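What follows is a short report on a single structure.
The values are calculated or read from the model by the stated rules, or taken from the named source; none is laboratory data. Just so we're clear, the structure is a prediction, and the values are computed from it rather than from any experiment. Cβ placement follows ideal geometry from the backbone for every residue including glycine, while neighbour counts extend to all protein chains displayed.
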Amino acid sequence: MIEGAPAGNPNRRSRLIVLAGPTAVGKGTVAADVRRTHPEVWLSVSATTRQPRPGEENGIHYWFVSDEEFDAMIERGDLLEWAVVHKAARYGTPRGPVELALASGHPAMLEIDLQGARQVRETMPEALFVFLKPPSWEELVRRLVGRGTESEAERERRLETARAELAAESEFDVTIVNHEVHAAAEQLVALMVGSDSS
Ligand SMILES: Nc1ncnc2c1ncn2[C@@H]1O[C@H](COP(=O)(O)OP(=O)(O)OP(=O)(O)O)[C@@H](O)[C@H]1O
Ligand SMILES: Nc1nc2c(ncn2[C@@H]2O[C@H](COP(=O)(O)O)[C@@H](O)[C@H]2O)c(=O)[nH]1
């Protein structure tokens, strides 16, 4: 269920959605469901300096770049926002593709961390900021462990960040609880101007 409502205007929608939430809440899984069921929605592909996980493809899940390439993107002003996430790697949103998608009238979505969302809030306040929340802390830990892609030390780091991110829920316009992937994806799409369901 949608727990929050956009402050001031309960019916507010936007062509640009910024989706954030703690590690392993299901942001990527929900975004993949949106990609599958709503091809009219454009999803940003972030650049990152972290190593690909098994099955991740360059240009689809991320642009996997070196530290030097990431530095150059920052220097050229190519990134709409960027941050060091989980004290581990840098992640950033390439600016050009977002501007192109919006200019061509597509609904667009960024799936980024809290620090990045705060930066986009400064530069694109017209965006709608959506917080994806787990049904419970225990379920969040279950999902992180169940994904099986991080070491114990990395999981600990991610859960430390997750506590701070959960405390920032009130900064967002809308909260969606990710009980079930497709239901959460549909709630997200319903907030977008220009999607099939708008
Ligand atoms: N509604 C759900 N119910 C049960 N499991 C889920 C649900 N949503 C996602 N998951 C599972 O939780 C795990 C984490 O999901 P996902 O990788 O999408 O999270 P994320 O928020 O993108 O994480 P990160 O921020 O660390 O990249 C995956 O194994 C996924 O299959
Ligand atoms: N500030 C940004 N954060 C981003 C971006 N792309 C992804 N992320 C966030 O990073 C973490 C970790 O992701 P993972 O794939 O290593 O598990 C997660 O919270 C993402 O939302 C970005 O462009 N900018």
Any residue in segment 148-158 that is among the acidic types (Asp, Glu), more than 16 Å from ligand 1 (Cβ to nearest atom), surrounded by fewer than 17 Cβ atoms within 10 Å (Cβ to Cβ) and touching a residue at least 24 places away in the same chain (Cβ under 8 Å)?
-> no
Are there any pairs with C-beta distances below 7 angstrom linking a residue in segment 19-34 that is more than 16 Å from Thr161 (Cα to Cα) to a residue that is within 6 Å of ligand 1 (Cβ to nearest atom), with the two at least 6 apart or on different chains, and if so which?
-> Leu19/Lys27; Thr29/Val181; Val30/Asn178; Val30/Val181; Asp33/Val181
Quickly run through segment 86-113 and pick out the residues that are surrounded by fewer than 21 Cβ atoms within 10 Å (Cβ to Cβ), within 8 Å of ligand 2 (Cβ to nearest atom) and of a type in the set (A, V, I, L, M, F, W, C).
-> Ala88, Ala89
Of the conditions (1) touching a strand residue (DSSP E or B) at 6+ places or on another chain (Cβ under 7 Å); (2) modelled with pLDDT of 95 or more, Ala101 fails just one. Which one is it?
-> (2)
Of those in segment 68-111 that are within 16 Å of ligand 1 (Cβ to nearest atom) and hydroxyl-bearing (Ser, Thr, Tyr), the residue nearest to Pro39 (Cα to Cα) is Thr93
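If a residue has to be assigned to a loop (DSSP other than H, G, I, E, B) and out of contact with any helix residue (DSSP H, G or I) (no Cβ under 9 Å at 6 or more places or on another chain) to count, how many in segment 8-45 make the cut? Before you say what the answer is, go through the steps one by one.
Filtering segment 8-45 for residues assigned to a loop (DSSP other than H, G, I, E, B) gives 8-13, 15, 21-26, 38-41, 44-45.
When the remaining residues are screened for being out of contact with any helix residue (DSSP H, G or I) (no Cβ under 9 Å at 6 or more places or on another chain), the result is 8-13, 39-40.
Here the count works out to 8.
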Scan segment 160-185 residue by residue and report those that are assigned to a helix (DSSP H, G or I) and surrounded by 18 or more Cβ atoms within 10 Å (Cβ to Cβ).
-> Thr161, Ala162, Glu165, Ala184, Ala185
Residue that is farthest from ligand 2 (Cβ to nearest atom), among those in segment 114-140 that are β-branched (Val, Ile, Thr) and buried (at least 16 other Cβ atoms within 10 Å of the Cβ) | Val130
Out of (1) surrounded by fewer than 17 Cβ atoms within 10 Å (Cβ to Cβ); (2) aliphatic (A, V, I, L, M); (3) over 15 Å from Lys27 (Cβ atoms); (4) in contact (Cβ under 8 Å) with a residue 24 or more places away in the chain, what's the single condition that is false for Met192?
-> (1)
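Restricting to segment 124-172, name every residue that is β-branched (Val, Ile, Thr) and at pLDDT 95 or above.
Here is the first cut: in segment 124-172, the residues β-branched (Val, Ile, Thr) are 130, 141, 145, 149, 161.
Residues satisfying the conditions are Val130, Val141, Val145.
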Among what's in segment 14-48 and is more than 10 Å from ligand 2 (Cβ to nearest atom) and among the hydroxyl-bearing types (Ser, Thr, Tyr), pick the residue that is surrounded by the most Cβ atoms within 10 Å (Cβ to Cβ).
-> Ser14
Taking only segment 144-165 into account, find how many residues are away from ligand 2 (no atom under 13 Å from the Cβ) and touching a helix residue (DSSP H, G or I) at 6+ places or on another chain (Cβ under 8 Å).
-> 1
Do we have Arg121 as in a helix (DSSP H, G or I) and away from ligand 1 (no atom under 12 Å from the Cβ) here?
-> yes
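On the given criteria, is Ala72 part of a strand (DSSP E or B), at pLDDT 95 or above and small (Gly, Ala, Ser)? Quick ask: steps written out before the conclusion?
On the way: part of a strand (DSSP E or B): no; at pLDDT 95 or above: yes; small (Gly, Ala, Ser): yes.
It is false that Ala72 is part of a strand (DSSP E or B), at pLDDT 95 or above and small (Gly, Ala, Ser).
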